[in-house]
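The structure appears right after this line, and notes come after that.
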Amino acid sequence: MLHDIETFSPPFYLFRSSEDCWKCGKTCRVVALASGKEEPFVLSDIRSMPDEFLLAITAAQPNYERRHSKMADTEYFMNTCPCGAHFGDFYLYCEPGGAFFPTEEDEASRVEVIELPIEGEHSIDCSPGMGTGGLILEHGKRIDWGSIA
Ligand SMILES: [Zn+2]
C-alpha cells in the first residue's frame, strides 16, 4: 500500500457513518477524513496528523484513537467500539458496502458529510484513496460543523 507523508489542501471533510461492531454487535459511529474538491481523497491508515485534525475528529467521534494494526503491522488512527474492539480501515474503506465504500447512491446518502473549519495546507501521513469520495460528497447528508462542535 502506498504510504507517504503528503500535503493536502482544503476543503477538509469528515465523513461520518455507522457500522455494527464485529465483536459485540453494537452499532458504532465511524468517521473518515477526506480532502479535496469534487473528487476528494479519502485518507486511510492515518499514522500522524496535525492536532487540530485529531481534535476535530474526536469531537465528532470520541472513540477514535491510535492503535496497532496486526493487518497493516503499524500504528494508525482507527475507529473503536466501547467494548474494546476496533474497526480496521480496510474493512471500512476497501470492502464494497463498507461504511466508506458505497457502491450506489443510496448507500452514499447515509453518510454524513461535515466540512471542517480547517484552512491551509497540511501534511498527513496516510494512504490517500480515490474513487468513493466523490459519490459520498455528492449524495451524502450535509451536516453543519456548528451542530457537532
Ligand atoms: Zn463492540
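Odds and ends about this structure:
- Stretch gain in nm, segment residue 7-residue 70, where the contour uses 0.36 nm per residue and the Cα spacing is subtracted: 20.0 nm
- Close Lys pairs in the range 9-147 (alpha-carbon distance under 24 Å; sequence gap of 8 or more, or different chains): 4.
- Multiplying the residue separation of residue 47 and residue 24 by 0.36 nm and removing their Cα-Cα distance gives an extension gain of 5.6 nm.
- Gain in span if fully extended, residue 144 to residue 94, counting 0.36 nm per residue against the direct Cα distance: 15.3 nm
- Cα gyration tensor shape of the range 9-147, rounded if a/c is under 1.5, else prolate or oblate by comparing a/b with b/c: rounded
- Once C-alpha pairs closer than 8 Å and six or more residues apart are averaged by separation and normalised to the residue number of the range 7-149, the relative contact order reads 33 percent.
- Lys/Arg +1, Asp/Glu -1 at C-beta; the chain dipole; positive extreme among 10, 71, 145: 71
- The range 83-98 and the range 6-25 have their alpha-carbon centroids 10 Å apart.
Just so you know, all these numbers are worked out from the coordinates, no wet-lab data involved. Keep in mind the model is a prediction, meaning the values are calculated, not measured. Using ideal geometry, Cβ is built from the backbone for each residue, glycine included, and neighbour counts are taken over all protein chains shown.
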